[in-house]
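Trainee: Mind looking over this structure? Questions follow.
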């Protein structure tokens, strides 16, 4: 989706020739449907909805090694790598790992080599952004050893940010430029504005989305601020992820950058240099605190970071689970059971609240049903409905069959939300591109 979004925002208000042909049909239809849904369709704030329901997209890690199967290489360095990838840190990280034996697939590694195509010392690995970003250029490539792999999957800043996000606190992460005075000014402004925003932002009415059965105070918006040095070796991979989250950020490395993080590690667009001001910070915060008008994860701004975290165990669901997330097909069965439990509880509470009569009154003589009839003797409700309709229509009744003009009108009315949604996309894309350009002014 990122590729399509970048195309739409390349020239504010203008679509280059052939743009629509470059956008995947499924993505375009999803955008049209998403934007044609009223904003109040989901009252849950974005920062809560995202951390409770959106799974992180996996980073692609390809490990190249030489020789035999996994079981036949106990002395090979790749054995340690494979063992680590089966451990707890890797199992909780949003990664998809491919192991490739260069003897069986000698051409697979060639696409990632430079210059003279000299084969690197094995094992060797290539790290790429999630497939949904459509970025095939490696994020990093180098020796596949335990040191590199452990720093790739986990780091102190990511660990701390994940703890804050799991508590429902979006994180404002300042990536330093290296100019101490400039970085300090940006951090002071960020801390001051975050404190102000916590006081002035208003969440959607909790009565519409907060599950109050567990009690406790109503949810509030709270933020966390963090700071990251570009030359911190332990955070090398995090710096690479942030700097590569947008194609042109490397050109602005001399400026401090603020990245709003939300959900389970989604990194929003960068706010750079002089663009780190109250207006741009407020706009980003208003999005995070506002209602989740589009529940489709891929149609919201940002790119996932690689984080090792057991989110299911760490995140407390405080929103009303009756508001089923769009696209969460795997959870429909569980939510159906939850609906059944709630309905059964409501029926039982109503039954207990009303005193049961000593005896049921006998039905009137002309009620049309027999008190002694069995379920097997009861007529099918659909047959009764058909019979009543046929009795209500006289033999000379003319059916109101729509003509072709009516059918075409109906078709256009059905297509109208999609057309309006597409127009909304273009207008929003233009406004978003204008905002980004101003945030970097």
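Trainee: What is the antiparallel percent of DSSP beta bridges lying wholly in the range 59-153, to the nearest 5?
Mentor: For the range 59-153, the DSSP antiparallel bridge percentage is about 55.
Trainee: Ranked highest first by the average count of other Cβ atoms within 10 Å around their residues, in what order do 57-64, 286-293, 200-207 fall?
Mentor: So the order, starting with the most tightly packed, is 57-64, 286-293, 200-207.
Trainee: Apply the Debye scattering formula to the range 59-153, with a single equal point scatterer on each alpha-carbon and no solvent, then give log10 I(q)/I(0) at q = 0.12, 0.16 Å⁻¹.
Mentor: Calculated log10 I(q)/I(0) at the listed q: -0.36, -0.66.
Trainee: Between residue 250 and residue 202, what length in nm is gained on full extension when 0.36 nm per residue of separation is reduced by their alpha carbon distance?
Mentor: Extending this stretch completely gives an extra 13.7 nm.
Trainee: Follow-up. So, by mean Cβ neighbours within 10 angstrom, what's the order for 301-309, 162-170 with the highest one leading?
Mentor: Result, highest mean Cβ count within 10 Å first: 301-309, 162-170.
Trainee: What's the exposure ranking of 282, 133, going from fewest to most Cβ atoms within 10 Å?
Mentor: Neighbour counts put them in this order, fewest first: 282, 133.
Trainee: Based on Cα positions only, what radius of gyration and what Dmax would you give for the range 130-225, in angstroms?
Mentor: Looking at the range 130-225, its Cα Rg and Dmax stand at 19.0, 53 Å.
Trainee: Can you pull the one-decimal nm distance between simple spin-label points at residue 227 and residue 121, each 7 Å off the Cα toward Cβ?
Mentor: Between residue 227 and residue 121, the label points sit 3.8 nm apart.
Trainee: How much length would be gained if the chain were fully extended between residue 150 and residue 113, taking 0.36 nm per residue of separation minus their Cα-Cα distance, in nm to one decimal?
Mentor: Separation in residues times 0.36 nm, less the Cα-Cα distance, equals 11.0 nm.
Trainee: Where the centroid of each part is defined by its Cα atoms, how far is the range 195-244 from the range 149-184 in Å?
Mentor: One Cα centre to the other: 12 Å.
Trainee: Return the Cα extents of the range 175-249 along principal axes one, two and three, sorted largest first, each rounded to a whole Å.
Mentor: Projected onto its principal axes, the Cα set of the range 175-249 covers 47, 25, 24 Å.
Trainee: Now for a different question. Treat each spin label as a single point 7 Å out from the Cα along the C-beta direction, and report the residue 96 to residue 191 distance in nm.
Mentor: Going from the residue 96 label point to the residue 191 one covers 4.2 nm.
Trainee: How high is the FRET efficiency between residue 131 and residue 213 when r is their beta carbon distance and R₀ equals 41 Å, given to the nearest 0.05?
Mentor: Efficiency for this residue pair is about 0.60.
Trainee: Additional query: On full extension of the chain, what length is gained from residue 431 through residue 79, given 0.36 nm per residue of separation minus the C-alpha to C-alpha distance?
Mentor: Length difference between fully extended and current span is 121.6 nm.
Coordinate-derived values only; no laboratory data. Please read these numbers as outputs of a predicted model, since none were measured by experiment. Cβ atoms come from the backbone with ideal geometry, glycine included; neighbour counts cover every protein chain shown.
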